Amino acid sequence: MPVAGNGASATICFARLARMESLARVWRRVATYAAHDDPLTAAANWIALVVAWNQPFYPLYLWAAVGADKIAPAFLTFLSTPFFVAVPAVAKRHPLAARILLPLTGIGNAIVSTKAFGAGSGVEIFLLPCALIGAALYRPAERPIGLVIVALSAAVYFVPVRFYGQPLAGYTAADNNAMVGLNALSAATLVVFVGLLLSGAVATSEERRDQAPRKK
């Protein structure tokens, strides 16, 4: 019996090791896909992939907040997932285009989400990370692009509620309160993540610029 027990333990151990090795391979592939020589572009890649990774969980969070019968509109947010996933691929050929694609996809997703859930859901708060990206993801020579992103984020935020019409499900005041809390927490977490990532990327980019040989 002890031999059988040891054999079962060994089998479980090998299965866990195989699972860990499989996860490690997936992580290496993701890291390779997101990697870029430009720190700002690499930061944009990681932001895009993290957002895409988290999108499938949003309907589950919404389920817990408002119930299973009102989560159908959440699947419209998946329309933006391919664009987020494509950011690193675009970056390999056109880094600046990828850094523009990221916030534009976020803004587009905010518009679709506001139509889906209604302005009362507070989902427009996700425009804040888009504005933060516009303010920090572009170099001084690219500053006009960043200003356009910030201005576009602000413009979408102040679009009149009547423009969106009724939400796509019958959300009550209690549902809206629950969604406001959920969206505020999610957006705050994203802002912290984006801020930390971009602060490191900007610092690295500045160091490289200072170390680069200057033209006489």
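In contact with a His (Cβ under 7 Å, 6 or more places away or on another chain) and touching a residue at least 40 places away in the same chain (Cβ under 8 Å): is that true of Ala91 in this structure?
Values: in contact with a His (Cβ under 7 Å, 6 or more places away or on another chain): yes; touching a residue at least 40 places away in the same chain (Cβ under 8 Å): yes.
Yes.
Quick test for you: out of Ser153, Ser121, pick the one residue that is buried (at least 17 other Cβ atoms within 10 Å of the Cβ), under 28 Å from Pro59 (Cβ atoms) and at pLDDT 95 or above.
Ser153
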Please go through region 98-118 and give me each residue that is within 24 Å of Asp38 (Cα to Cα), crowded, with 24+ Cβ neighbours inside 10 Å and under 12 Å from the mean Cα position of the chain (by Cα), ordered by number. Leu102, Pro103, Gly106
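Name every residue in region 153-169 that is in a helix (DSSP H, G or I) and among the aromatic types (Phe, Trp, Tyr), in order of residue number.
Tyr157, Phe163
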When residues of region 138-147 are limited to those that are assigned to a helix (DSSP H, G or I) and charged (D, E, K, R), the one surrounded by the most Cβ atoms within 10 Å (Cβ to Cβ): Glu142
Report those helices (runs of 4 or more DSSP H) wholly inside region 49-137 carrying at least 3 residues which are among the hydroxyl-bearing types (Ser, Thr, Tyr) and out of contact with any Cys (no Cβ under 7 Å at 6 or more places or on another chain). 95-117
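Quick check: is even one residue across region 137-147 closer than 21 Å to Thr189 by Cα and in contact (Cβ under 8 Å) with a residue 24 or more places away in the chain?
yes
The values are calculated or read from the model by the stated rules, or taken from the named source; none is laboratory data. Quick caveat, the model's predicted, so the values are computed rather than measured. FYI the Cβ positions are ideal-geometry reconstructions off the backbone, even for glycines, and counts take in every protein chain you see.
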